Each structure stands twice: as structure tokens, then as C-alpha cells.
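Undergrad: I have a structure I would like to understand better, so I am pasting it below and will then ask my questions one at a time.
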Amino acid sequence: WDDVLSLLYLSNYFEIYSGLVHWYYPKVQDIRGFEASVKNRMRARQLVLWFFQNHALTSPTATLKGSEALDKIYVPFLAHQAKVLVLYKRKAWKAGLRGDPENLTPKTFSGDIELCLKEGPAWVAYQSTTIESSRRSFSWYGTQYQSERLEVPVKICMFLFFFLY
């Protein structure tokens, strides 16, 4: 399960990368950087989708795969991590920690993160996610699963070859 979480953490990073870099997402100054971040976000989504289509995640009470696993594991995890980032930015700002750039307010940062998620699989979940005081970390708090590889068609293997190289 830890390896699956590592994949999700990496994918989450690429999902919200544009909101974390030094240039402002809506006022793109580095078009190559912007295009690369959009492409990496797309690749991260493809990789997560491939994983959930080709692996079953089993707990004592359920087996998830495909879009059900995406909806019940990845989407809420991404929404939670994005909300925690925004919360941390607000707390840092109140504590006088400005970061880089120094004029990046919590409101602007929150808007940048929202732009990364809009039209994506986690947008609705992000809007309805609240951060409980006991869950203010990036950790996974849900069910622990075991991952089992399903029968993998050859065309999926070819997709991964081209994706990775």
C-alpha cells in the first residue's frame, strides 16, 4: 500500500505543481514552463488512471478498481492535500512567513491551486472538502488496501513504454 501511496503523492504533486511555482498561474511569464506543467498534469492523470484500471485494491470490506477506485481514493486524497496546502499557506502568512514570492497572498495562492484543479477529477471534491483539526497533514487517513495486479493487455504496456521514454 505504501508504494501505491507514493504513486498518488507524486501524481498529486504534478496536479498542483502550477500553483506551487514562483510564477503566477494566470499570468504566465514562462510559456514553456506552463506547457510542461500542463503536460505533466495530464501524464500524472493518465498514470493514475492506468494504475486503477490495471490493479485491484482490496481491503477487508471492499475491492476497488477502475473509476470506483479513482473516485474513492485518488480524488478525495488530491482534494485533501490541496486543501491542506492552502491551509498551511494561510497559517504561514498569519505567522509572518511570506515565502517566495513574498507578495503571494493566501487568497492568490488559493486561486492558483483552484485553477490547477478546475475541470479536473478532483474539482468537486475540493470545493466540498473541509479540513478537520485532526487531519491537517498530507497523510492518508483512509482504509489500508492491498494492491493486486490485474491482467494487463499488451496495448497498455506499449502506452507505458511511450509514456516513460
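Undergrad: Any chance you could check the Cα centroid distance between region 117-142 and region 31-75 for me, in angstrom?
TA: Cα centres, region 117-142 to region 31-75: 15 Å.
Undergrad: Oh, and also: Rounded to the nearest 20 debye, what is the charge dipole size of region 35-143 about its Cα centre when +1 sits on each Lys and Arg Cβ and -1 on each Asp and Glu Cβ?
TA: Here the size comes out at about 240 debye.
Undergrad: For the pair Ser59/Leu7, report the inter-label distance in nm, with labels modelled 7 Å from Cα in the Cβ direction.
TA: If labels sit at Ser59 and Leu7, their model points lie 1.8 nm apart.
Undergrad: Ignoring ligands, DNA and RNA, how do Ile31, Ile131, Ile73 rank by accessible area with a 1.4 Å probe, largest first?
TA: Sorted by accessible area, descending: Ile31, Ile131, Ile73.
Undergrad: Same structure, new question: Of the listed pairs Lys39/Lys65; Lys72/Lys118; Lys72/Lys94, which have alpha-carbon separations greater than 23 Å here? Working shown, then result.
TA: Working: Lys39/Lys65 25 Å; Lys72/Lys118 19 Å; Lys72/Lys94 33 Å.
Flagged as over cut-off: Lys39/Lys65; Lys72/Lys94.
The values are calculated or read from the model by the stated rules, or taken from the named source; none is laboratory data. The model shown is predicted, which means the values in this text are computed figures rather than measured ones. All Cβ positions, glycine included, derive from the backbone under ideal geometry; neighbour counts span all protein chains shown. When the accessible area is computed, the model is the full protein with side chains, heavy atoms only, and any ligands, DNA or RNA have been set aside. Shrake-Rupley method; radii C 1.70, N 1.55, O 1.52, S 1.80 Å.
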